[in-house]
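Read the structure below first, then the notes.
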Amino acid sequence: MKLDIDLNELWACVDRMGAQRQKLDLDEIWDSSTFAIDTELESGIEIKLEDLETDQGLLGIHGRQVVLFIPDHAFRVETAIQSPGQGNKFHVADCKTLDDMKNRNRFERYHVTNSITGEFPVFGYSQITKRQVEGSANLSVCKNCLNFLNYKGADTGSAQNRQKLVDEFSIEEFFSTYSSVFKQKPKSWIDKKTKGYTADWETISGRVRAAAGYSCKHCFVDLSSHKHLLHVHHMNGVKSDNSESNLISLCADCHRKEPYHEHMMVPRKDTLTINELRKAQLGNEFATWNTTRKSADPALAGFLNYIERKNYVTPVLGYSVTSNTNKEIFLDAAWPDQKLGLFLDGRINIDGWTIFSLGEALEWAKGLPTANGNTAT
Ligand SMILES: [Zn+2]
Ligand SMILES: [Zn+2]
Ligand SMILES: [Zn+2]
């Protein structure tokens, strides 16, 4: 496909913002393009289970994160519409229920979507009216999926906490947590991102960032060399309220971790760059569990929760290695002494190293002995 994009306007905008021109990254442009499939995915498309991309333990198709559901509720359709908690669960990870479904090879019609509304189309046959019924239901997320990912400590916490996570589950927040793993963002996110700012926002934001010396007010990382990674956050959540006391400079990573910022998706390489700078600027202080937990890519949280509880050593976040194809690769987390690493961006081989995907790392962490010597269940 031929790529024909006029970049002059983009660079003019970059210059106005006082940002530095970056090396052009075509991935970035593709990131915010939408294709026919993105529109189809909003309402859901039928797929075969073997077509799912499950490399990292999450569910994807064509580089897009999705959730999987079964619209057909047969004679349970009225129950599902009235009490969605009793309908079919939707899946967000490569959990053991999904494994079972693959093995049973049953004839079911599986659909995937990346709609963030939480409402799913359902249908079935009413035994009361003897008619086909169609409707929609706020189905519940599968607990096995949340356990598999240790999402928000689902696996290490209480059953009560797990139920709370199911009740309060937000697909938008979930997608945002794992945004580093997928190249293409949901259409709804792209539509929403640019809304609500005033016309003079670029000027105001530029002024606030300069006044802060291009440093983040939360983690103190100095972003003078990467000004585009410093954001200005509206503390009361109102994007049109640009009063001085409402604005604070935050790095992209601290910003995405603010409450109600589930829509913010930070590219994996930006998180790596910020951690690279934090490491260089903060030195040893960076290697504590407290800082590691706060600085890590949110996709790693469930994994880190396991290994911290098991008293494992803190990993290096963003570790540079050379792959077998002679490319510089940044491991999202690494233990260089043990030649062990976690890589969120596909499959790589490095001689002498063990490189886990997220799904593999989670299983490995689950099997580690606990601090008192027993293997956790
Ligand atoms: Zn599941
Ligand atoms: Zn920060
Ligand atoms: Zn904000």
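A few notes on this one:
- Qualifying position, being open to solvent by less than 50 Å² (accessible area, probe 1.4 Å), within 14 Å of ligand 2 (Cβ to nearest atom) and not in a loop (DSSP other than H, G, I, E, B), among Leu250, Leu282: Leu250
- Within the set Asn138, Asn88, Asn103, the sole residue that is within 15 Å of ligand 1 (Cβ to nearest atom) and touching an Asp or Glu at 6+ places or on another chain (Cβ under 9 Å) turns out to be Asn88.
- Residue pairs meeting the criteria (Cβ under 6 Å; at least 6 apart or on separate chains; first aliphatic (A, V, I, L, M), in region 153-174; second open to solvent by 40 Å² or more (accessible area, probe 1.4 Å) and at pLDDT below 95): Ile171/Ile116
- Residue tally, condition crowded, with 19+ Cβ neighbours inside 10 Å and without any contact (Cβ under 8 Å) to a residue 60 or more places away in the chain, over region 94-107: 2
- Comparison of Leu317, Leu277, Leu331, Leu344 shows that the only residue that is assigned to a helix (DSSP H, G or I) and surrounded by 20 or more Cβ atoms within 10 Å (Cβ to Cβ) is Leu277.
- For region 44-86, filtered to residues that are polar (S, T, N, Q) and open to solvent by 20 Å² or more (accessible area, probe 1.4 Å), the residue that is nearest to Arg131 (Cα to Cα) is Thr79.
- Options His226, His231; residue that is farther than 27 Å from Thr156 by Cβ, within 11 Å of ligand 2 (Cβ to nearest atom) and buried (at least 17 other Cβ atoms within 10 Å of the Cβ): His231
- Cβ-Cβ distances below 8 Å connect the following pairs, each with a first residue in region 224-239 that is farther than 13 Å from Leu277 by Cβ, a second residue that is within 10 Å of ligand 3 (Cβ to nearest atom) and part of a loop (DSSP other than H, G, I, E, B), and a separation of six or more residues or different chains: His233/Glu258; Gly237/Tyr260.
- Entirely in region 73-185, the helices (runs of 4 or more DSSP H) that have 1 or more residues that are within 16 Å of ligand 3 (Cβ to nearest atom): 171-177
- Residues in region 203-221 that are open to solvent by 20 Å² or more (accessible area, probe 1.4 Å) and touching a helix residue (DSSP H, G or I) at 6+ places or on another chain (Cβ under 6 Å) were compared, and the one that is farthest from ligand 3 (Cβ to nearest atom) is Tyr214.
- Arg207 outside the structural domain of Gly359 (by TED's automatic domain parsing), over 30 Å from Leu68 (Cβ atoms) and assigned to a helix (DSSP H, G or I): yes
- Where a residue in region 344-373 is small (Gly, Ala, Ser) and its partner, wherever it lies, is open to solvent by 60 Å² or more (accessible area, probe 1.4 Å), with Cβ under 6 Å and at least six apart: Gly352/Lys339; Ser357/Asp55; Ala371/Asn311
The values are calculated or read from the model by the stated rules, or taken from the named source; none is laboratory data. These figures come from a predicted structure and were not determined experimentally. Cβ coordinates were reconstructed from backbone atoms using ideal geometry, including for glycine residues, and neighbour counts include every protein chain displayed. These accessible areas exclude ligands, DNA and RNA; they are computed on the full protein's heavy atoms, side chains included. Shrake-Rupley method; radii C 1.70, N 1.55, O 1.52, S 1.80 Å.
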